[in-house]
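In what follows, a single structure is set out as structure tokens and then discussed.
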Amino acid sequence: MNEIVPADKIADGGEAAACARAPIGMLCELTHRCPLQCPYCSNPLELDRVNTELSTEVWQDVMRQAADLGILQIHLSGGEPTVRKDLEDIVEVAAKVGLYTNLITAGVTLTRDRLKRLKDLGLDHVQLSIQDVDDANAEKISAYKNGLEKKRELGKWVREFDMPLTINAPIHRLNIENLPNIIEFAVEMGAGRIEVANIQYYAWALKNRAALMPTRAQVMRSAEIVEEAKQRLKGILVFDFVVPDYYAKTPKPCMGGWGKGIMNITPQGRVLPCHAAESIPGLEFDNVKDRRLADIWLNGQAFNMYRGTSWMKEPCRTCPRAEIDFGGCRCQAMAFTGDATNTDPACKFSPLHADFVAAAERESGVPNPPPFVYRRLGGAKTDAVVD
Ligand code: SF4
Ligand code: FES
């Protein structure tokens, strides 16, 4: 069992008890480089440059520390993780120390030989992100030509090597009407799981919210489509349906609770409780180059800031759902209300909930949404647009 806290710390209950368990998963953003420019990318607006990325040796040491800490799954992500030439060296160490390794890829840079090599070195799982199953629309969303063709090819190799595959489909205004075809695509690709992930509006997605927000009617219809497909594809395809916050009544327990199960490491080595945590002022992020992972998990300022429930204000503090959703998402509370200790505005008890819903209804109702601000180095500053 992945218990890590010394008995004296557990004994005082509260926050210490909340982190008594080691994180289950760790998201490793190996790089922010990516050939695609999706306008809903979860990377920060200020992308890390290549010359600031962690070395192979540091990432390998992070894998060893993760295993010692009791982490079970490693998600190798980016940007596009396959642009790192040393991906094999990192996967090899991760597999050797017993971590379950998941490669999260856009699937346009991998070759058959490289995938085979990664599999032979111990890669366990591939998670392929798609933009749409319509070529022109996929190209418009990613600002990348012929991506879909390359993804189909990757799917073929994944099947050939008998590897488990998840399709990750971020859903928004531009592709929501294609959801039935996206689900069929996942079946054709031989995927065992699909994430129908309504966009969460942080970072680039927040910047592009007015261009991405679907209508309430579209979201309701998509939920019905998923429900029907779930029944029809029982035993073939497992569904993860990420409910869109803007049309929810209560928030999701973001990250499964702050500092509860997930660690996130940026290309430069900063260790975050969630991928968007850098948007919250006042948090101090430790770096894997300076401090051990276990110490950061237990004692890091950023991890302890919103761990458990003692930081909560009303209405969360006395709410029966406090231990269920942990007050929702700190980053969304920060982005929409200007204070990360406020209730997530996705919650119907938040005083700003009506404004939150109104923003979605107003933006999704505009017949001609604004063009995308594409995700690229410096793009957020220059409002770079490809249309
Ligand atoms: Fe969750 Fe807070 Fe809303 Fe209660 S008041 S449902 S704890 S976000
Ligand atoms: Fe940071 Fe939800 S995205 S807590």
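In table form, for the structure just shown:
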{"item": "Accessible surface ranking that places the most exposed of 286, 68, 245 first, with a 1.4 angstrom probe", "result": "68, 286, 245"}
{"item": "³J(HN,Hα), Karplus 6.51/-1.76/1.60, whole Hz, each residue of the stretch 182-196, x for Gly, Pro", "result": "5, 5, 5, 4, 4, 5, 4, 6, x, 5, x, 8, 10, 9, 8"}
{"item": "Projected-area mean, the chain, by convex hull of Cα positions, square nanometres", "result": "18.6"}
{"item": "From phi via Karplus (6.51, -1.76, 1.60), per-residue ³J(HN,Hα) for the stretch 67-78 in Hz, x at Gly/Pro", "result": "5, 4, 6, x, 5, 9, 10, 10, 9, 8, 9, x"}
{"item": "The stretch 318-327 - phi-based ³J(HN,Hα) in whole Hz, Karplus 6.51/-1.76/1.60, Gly and Pro as x", "result": "10, 7, x, 8, 4, 8, 9, 10, 6, x"}
{"item": "Theoretical gain in end-to-end length, residue 89 to residue 216 [0.36 nm per residue, Cα-Cα removed]", "result": "41.1 nm"}
{"item": "Euclidean distance of C-alpha centroids, the stretch 244-264 and the stretch 171-204, integer Å", "result": "19"}
{"item": "The chain, accessible surface, carbon-and-sulfur percent (1.4 angstrom probe)", "result": "53"}
{"item": "1.4 Å probe accessible area per residue over the chain, in Å²", "result": "42"}
{"item": "Helical mean residue ellipticity (222 nm; -39500 (n - 2.57) per DSSP H run of 4+; nearest 500) of the chain", "result": "-10000 deg cm²/dmol"}
{"item": "30 Å Cα-Cα threshold exceeded, pairs from 151/207; 140/348; 207/252; 85/230; 230/252; 85/140", "result": "140/348; 85/230"}
{"item": "Charge sum, other residues only, whose C-beta stays under 14 Å from residue 264's C-beta, Lys/Arg counted +1 and Asp/Glu -1", "result": "-1"}
{"item": "Within straight-line cross-link reach of residue 96, aspartates and glutamates at Cα separation under 14 Å, skipping those fewer than 8 residues along the same chain", "result": "61, 68, 88, 120, 124"}
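The values are calculated or read from the model by the stated rules, or taken from the named source; none is laboratory data. Note that this is a predicted model, so its numbers are computed, not measured. Here Cβ is always computed from backbone atoms with ideal geometry, including for glycine, and neighbour counts include all displayed protein chains. SASA here: full protein model, heavy atoms, side chains in, ligands and nucleic acids out. Shrake-Rupley method; radii C 1.70, N 1.55, O 1.52, S 1.80 Å.
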